[in-house]
Amino acid sequence: VLTLNADGTFNITWHLDAAFAVHNDKKSHTGATMSRGGGAIQSVSTKQKINTRSSTEAELVSIDDVISKVLWTKLFLQEQGYAVNQNILMRDNLSSMKLELNGKTSSGKRTRHFDIKYFYITDLIDRKEVTIRYCPTEEMISDYMTKPLTGAKFHKFRKVIMNNG
């Protein structure tokens, strides 16, 4: 049974991840979960529409896939009268985080082919619409939405998503 609760921080926390080239056509997969404390209020699991050349690029595509929902959720909650202190995106790929935080200044020869729309997130960070934080891969809840998990990791993430235990 899914149970939801707010932790009192007035933050929205998204765990956002990509699984690189996991489909037969070598497209990647985006996964995300959103919470205000306990339990996943929203979740996303979707095949990416384009092929990417690296896990870093797949991570940038994943944020582009979900960012509209991230922003809409914040605005919706605020319009309902709920406070939102921070809209936090938890990420486990340091290369994509540097590009998201710094835009083209962190770009080099291997990232020149990235489309500029993926640096939209840099503008949102500058405007304080979202905050990016590192989340170790072992704690990345959205792995549940991107790849088939088994054993302890499956049970651990299911408990977090369902807020059971």
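The values are calculated or read from the model by the stated rules, or taken from the named source; none is laboratory data. Since the structure is predicted, the reported quantities are computational estimates derived from the model, not experimental observations. Virtual Cβ from ideal backbone geometry, glycine too; neighbours counted across all protein chains shown. Each accessible area value is taken on the protein alone, full model and side chains, heavy atoms only, with ligands, DNA and RNA left out. Shrake-Rupley method; radii C 1.70, N 1.55, O 1.52, S 1.80 Å.
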Requested in this report: Under 14 Å from the Cβ of GLN86, count the other residues' Cβ atoms, weight Lys and Arg +1, Asp and Glu -1, and hand me the total.
Outcome: +3
Query raised in the report: Which of MET145, ASN11, ILE67 sits closest to the plus end of the dipole of the chain, meaning its Cα is farthest towards the positive end, when Lys and Arg get +1 and Asp and Glu get -1 on the C-beta?
Result: MET145
Query raised in the report: What net charge is computed for the residues neighbouring TRP72, neighbours being all others with C-beta under 13 Å from the C-beta of TRP72, Lys and Arg scored +1, Asp and Glu -1?
Result: 0
Report task. Estimate the FRET efficiency between PHE10 and SER55 by the formula 1/(1 + (r/R0)^6), using the beta-carbon distance for r and 35 Å for R0, to the nearest 0.05. Result -> 0.60
Query - Separation of the GLN42 and GLU138 label points, Cα + 7 Å toward Cβ, nm - result: 3.1
Query - Residue-wise HN-Hα coupling along the range 131-140, computed from phi with Karplus coefficients 6.51, -1.76, 1.60 (Hz; x: Gly, Pro) - result: 10, 9, 9, 7, 10, x, 3, 5, 10, 6
Report summary line: Taking Lys and Arg as +1 and Asp and Glu as -1, residues besides LEU149 with C-beta under 14 Å from its C-beta add up to +1
Report summary line: Going residue by residue through the range 43-52, the Karplus relation 6.51 cos²θ - 1.76 cosθ + 1.60 with θ = phi - 60° gives ³J(HN,Hα) values, rounded to whole Hz and with x marking Gly or Pro, of 9, 9, 8, 8, 6, 6, 7, 10, 7, 10
Report summary line: Per residue convex hull volume, Cα only, the chain, in Å³ is 113
**Report entry** Computed accessible area, GLU57, all protein chains, 1.4 angstrom probe, square angstrom
**Finding:** 10
Query raised in the report: According to a simple spin-label model (label point 7 Å from Cα along Cα-to-Cβ), what is the distance in nm between VAL22 and SER68?
Result: 2.3
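Please give the contour-minus-distance gain from LYS147 to GLU129: 0.36 nm per residue of separation, less the Cα-Cα distance, rounded to one decimal in nm. Each step should come with its number before you reach the end.
On the way: separation 18, 0.36 × 18 = 6.48 nm, distance 2.89 nm.
That works out to 3.6 nm of additional length.
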Query raised in the report: Of the beta bridges DSSP finds with both residues in the chain, what % are antiparallel, to the nearest 5?
Result: 65
**Report entry** P(r) histogram, all alpha-carbon pairs of the range 1-89 included - 5 Å bins from 0, percent
**Finding:** 3, 14, 23, 20, 15, 12, 8, 5, 1
Report summary line: Flagged as over-length at 23 Å C-alpha distance, from LYS47/LYS147; LYS74/LYS128; LYS128/LYS153; LYS26/LYS128, the pairs are LYS128/LYS153; LYS26/LYS128
**Report entry** Cβ-placed point charges (K, R +1; D, E -1), dipole of the chain about Cα centre in debye, nearest 20
**Finding:** 360
Query raised in the report: How high is the relative contact order of the chain, in percent, with contacts defined as C-alpha pairs under 8 Å that are six or more residues apart?
Result: 30
**Report entry** Positive-end extreme of charge dipole, the range 1-94 - chosen from SER54, ALA40, VAL84 (charges on Cβ)
**Finding:** SER54
